[in-house]
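Take a look at the structure set out below.
Throughout, read-outs are computed from the coordinates displayed, never taken from laboratory work. Just so it is clear, the structure is predicted and the values come from calculations on it, not from any experiment. Neighbour counts are summed over all protein chains in view; Cβ atoms, including those assigned to glycine, are modelled from backbone coordinates with ideal geometry.
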Amino acid sequence: MSNAEIVMRFFKVIDTLKANKIIRGEKTFTDRYSINRRNLYQLRQNPERNIFQMVWLSHLINDFGVSPEWLLTGVGEMFVPGHIHIPYKNKK
């Protein structure tokens, strides 16, 4: 398991959340969690950059029901079964 693989799975979740209209886009995610959007953009371009913060994973796990095992290892399902995804506009 490399950090770049975790980063790539992180972005796969972000893309899935966008595709399913759970979040509107990366700006929604970065604004909600006070993440520097430029860092996220640079990381997407180069997943091996040393700017990824593990706390970003906790947001996906706690607020969107993403499986921690899948994020870290790629094993299992992306989402925890039975978790209800709450769209950003309804959650404060």
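For the chain, adding -39500 (n - 2.57) for each run of n ≥ 4 DSSP H residues and dividing by the number of residues yields -15500 deg cm²/dmol at 222 nm. For region 41-56, 3J(HN,Hα) computed residue by residue from phi via the Karplus equation (6.51, -1.76, 1.60; θ = phi - 60°) reads 4, 5, 5, 5, 5, 9, x, 8, 4, 8, 10, 6, 10, 4, 4, 4 Hz, glycine and proline entered as x. Straightening the chain between residue 80 and residue 11 buys 23.1 nm, computed as 0.36 nm per residue apart minus the Cα-Cα spacing.
Cβ crowding within 10 Å ranks 38, 32 as 38, 32, fewest other Cβ atoms first. A cut-off under 15 angstrom between Cβ atoms defines the neighbours of residue 38, and their net charge, with Lys, Arg +1 and Asp, Glu -1, is +2. Taking amide H atoms as placed 1.01 Å from N in the peptide plane, the amide H of residue 23 lies under 5 Å from those of 18, each 5 or more residues away in sequence or on another chain. Amide H contacts of residue 79: 67, each under 5 Å away and 5 or more positions distant or on a separate chain (H built 1.01 Å from N in the peptide plane; Pro and chain starts excluded). Among the listed values (i) 18.9, 66; (ii) 12.8, 43; (iii) 12.5, 35, the one matching Rg and Dmax of the Cα atoms in Å as calculated from this structure is (iii). A Cβ-based charge dipole, computed about the Cα centre of the chain with Lys and Arg at +1 and Asp and Glu at -1, lands at about 560 debye.
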